[in-house]
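Reviewing the structure listed below.
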Amino acid sequence: MKKATQFIHAGAHPDPSTGAIMTPIYQTSTYVQEAPGVHKGYEYARSQNPTRFALEEALAVIEEGNFGLAFGSGVAATDAVMKLLKPGDEVIAANDMYGGTYRLFSKIYEKFGIVFHYVDMSLMGNIEAKINPNTKLIWAETPTNPLMNIADIKAIATLAKENKLLLCVDNTFASPALQNPLTLGADIVMHSATKYLGGHSDVIQGALVINDKALRDELYFIQKSCGAVPGPMDCFLVLRGIKTLGIRMERHSQNGEKIAHYLKAHPAVKKVYWPGFEDHPGHAIAKEQMKSFGGMISFELKNDSMEAARKLLSSTHLFSLAESLGGVESLINHPASMTHASIPREERIKNGLSDTLIRLSVGIEDADDLIADLEHAIQSAVNV
Ligand SMILES: *Cc1c(COP(=O)(O)O)cnc(C)c1O
């Protein structure tokens, strides 16, 4: 099945009791058994729920994998992966990944004796240098948040296989419409379904997609034992979001491209971070492993004062000042004080995330309207 068809039909089976074309929201905690142990495969809703199963099947199909697992949030999905490890195990992770992932690793899992190495994954040598007999997992994110660095999934997967390590890729920014890490050799794909999968800023949810049955069984055991499952209403919302993922991502990418070029040509803008530019260091790899470059863009003004950034951030009308990304509406965000505030300033600056960096999640509105909104805000900022 081609991608456009997958998004509409994956996981969709007419409901056996009524023929309903949309999977019903099975809002139930338990299931009646005919006799002890005699049931239809559903015992208790933490372990089995038909709405969640439909979503998990859809996730597997659209991410080109064999098995999907849904979680109560993106970080709950990441947390499940971490529970594959034991004290003394080591993880190599990206040094500019999502702030909440860094917080989970550094504030929760370090104290259980897991050791983390944070490296710039755009250079393979940095990853190789940290591999030792205790290394168990490579955690990659590409493009990264918010600096839009690109990691070579295929090359990292080869390195992981050679060293018998698991590779998990956070594919939230690209979405399954633009990039499918399992086809490039990754073992696990993680998503914050809160973002492009849901697509409408109305749900918090996470997902894992896996090819290997034994690994899936381990993660399913963690999902039901630890219990971070999403409710059926939220599964319904993400199933509905997936139907339009293909056309939404097309528009996000088109608008993203127009806005990236507009910003790059702007005399008041110092630097634009977008992997679609030919002079972006990861451009060739991004072009190879992504279908298009998506709607995420970061930039800095030439005026690098905090005041100018603040003025810009509070002067847009269509771009709403908010954390999160991937919804149909455009958002503007200040990583240093918002999404990435949990990373110590020193660490942030060292990794290239300046105090004045501005991140855009470009929505699917009319690109000319979005550009006019940014132009007005940049002009206000230039004059502070
Ligand atoms: C939002 C996000 C997460 C965390 O997901 P939640 O659904 O907020 O728990 C992880 N990774 C990336 C890249 C994200 O953008």
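The values are calculated or read from the model by the stated rules, or taken from the named source; none is laboratory data. These figures come from a predicted structure and were not determined experimentally. With ideal geometry, Cβ positions are generated from the backbone for all residues, glycine too; neighbour counts draw on all protein chains shown. These accessible areas exclude ligands, DNA and RNA; they are computed on the full protein's heavy atoms, side chains included. Shrake-Rupley method; radii C 1.70, N 1.55, O 1.52, S 1.80 Å.
Quick check on the range 191-200. Is at least one of its residues in contact (Cβ under 8 Å) with a residue 40 or more places away in the chain, over 11 Å from Ala70 (Cβ atoms), in a helix (DSSP H, G or I) and touching a helix residue (DSSP H, G or I) at 6+ places or on another chain (Cβ under 9 Å)? Walk me through it before giving the result.
Taking the range 191-200 and keeping what is in contact (Cβ under 8 Å) with a residue 40 or more places away in the chain, we get 191-200.
Imposing the further condition that a residue be over 11 Å from Ala70 (Cβ atoms) reduces the set to 192, 194-196, 198-200.
Subset that is in a helix (DSSP H, G or I): none.
The answer is no; no qualifying residue exists.
Identify, from the list Leu237, Leu215, Leu219, Leu159, the residue that is in a helix (DSSP H, G or I), surrounded by fewer than 24 Cβ atoms within 10 Å (Cβ to Cβ), within 15 Å of the ligand (Cβ to nearest atom) and over 14 Å from the mean Cα position of the chain (by Cα).
Values: Leu215 fails: within 15 Å of the ligand (Cβ to nearest atom); Leu219 fails: within 15 Å of the ligand (Cβ to nearest atom); Leu159 fails: within 15 Å of the ligand (Cβ to nearest atom).
So the residue among Leu237, Leu215, Leu219, Leu159 that is in a helix (DSSP H, G or I), surrounded by fewer than 24 Cβ atoms within 10 Å (Cβ to Cβ), within 15 Å of the ligand (Cβ to nearest atom) and over 14 Å from the mean Cα position of the chain (by Cα) is Leu237.
Among what's in the range 96-105 and is hydrophobic (A, V, I, L, M, F, W, C) and open to solvent by less than 10 Å² (accessible area, probe 1.4 Å), pick the residue that is farthest from the ligand (Cβ to nearest atom). Lay out the reasoning, then the answer.
In the first step, residues of the range 96-105 are kept if they are hydrophobic (A, V, I, L, M, F, W, C); the result is 97, 104-105.
Still in the list and also open to solvent by less than 10 Å² (accessible area, probe 1.4 Å): 97, 105.
Working: Met97: 7, Phe105: 12 Å.
This residue is Phe105.
Filter the range 1-31 down to the residues that are of a type in the set (Phe, Trp, Tyr) and part of a loop (DSSP other than H, G, I, E, B), then identify the one that is farthest from Ala58 (Cα to Cα). Walk me through it before giving the result.
Going residue by residue through the range 1-31, those that are of a type in the set (Phe, Trp, Tyr) are 7, 26, 31.
Add one more test, that the residue is part of a loop (DSSP other than H, G, I, E, B), and what stays is 26, 31.
Numbers: Tyr26: 17, Tyr31: 23 Å.
If we take residues in the range 1-31 being of a type in the set (Phe, Trp, Tyr) and part of a loop (DSSP other than H, G, I, E, B), then Tyr31 is farthest from Ala58 (Cα to Cα).
Just checking, which of Leu318, Leu301 is open to solvent by 20 Å² or more (accessible area, probe 1.4 Å), hydrophobic (A, V, I, L, M, F, W, C) and either at pLDDT 90 or above or within 16 Å of the ligand (Cβ to nearest atom) (or both)?
Working: Leu301 fails: open to solvent by 20 Å² or more (accessible area, probe 1.4 Å).
Answer to the check: Leu318.
Taking the options Ala186, Ala207, name whichever one is assigned to a loop (DSSP other than H, G, I, E, B), touching a Leu at 6+ places or on another chain (Cβ under 7 Å) and either aliphatic (A, V, I, L, M) or more than 12 Å from the ligand (Cβ to nearest atom) (or both). Reasoning before the result, please.
Details: Ala207 fails: assigned to a loop (DSSP other than H, G, I, E, B).
Checking each option against the conditions leaves just Ala186.
Here's a check for you: in the range 50-95, which residue that is among the hydroxyl-bearing types (Ser, Thr, Tyr) and within 16 Å of the ligand (Cβ to nearest atom) is surrounded by the most Cβ atoms within 10 Å (Cβ to Cβ)?
As a first pass, look at the range 50-95 and keep what is among the hydroxyl-bearing types (Ser, Thr, Tyr): 51, 73, 78.
Next, only the ones that are within 16 Å of the ligand (Cβ to nearest atom) stay: 73, 78.
Values: Ser73: 19, Thr78: 25.
Among those residues, the one meeting the criterion is Thr78.
For residues that are over 17 Å from Asn255 (Cβ atoms), crowded, with 18+ Cβ neighbours inside 10 Å and hydroxyl-bearing (Ser, Thr, Tyr), tally how many sit in the range 355-381.
Within the range 355-381, residues that are over 17 Å from Asn255 (Cβ atoms), crowded, with 18+ Cβ neighbours inside 10 Å and hydroxyl-bearing (Ser, Thr, Tyr) number 1.
Against the condition within 16 Å of the ligand (Cβ to nearest atom), in contact with a strand residue (DSSP E or B) (Cβ under 6 Å, 6 or more places away or on another chain), under 23 Å from Glu288 (Cα atoms) and assigned to a strand (DSSP E or B), how does Val169 come out, does it pass?
Details: within 16 Å of the ligand (Cβ to nearest atom): yes; in contact with a strand residue (DSSP E or B) (Cβ under 6 Å, 6 or more places away or on another chain): yes; under 23 Å from Glu288 (Cα atoms): yes; assigned to a strand (DSSP E or B): yes.
Yes; evaluated as a whole, the condition is true for this residue.
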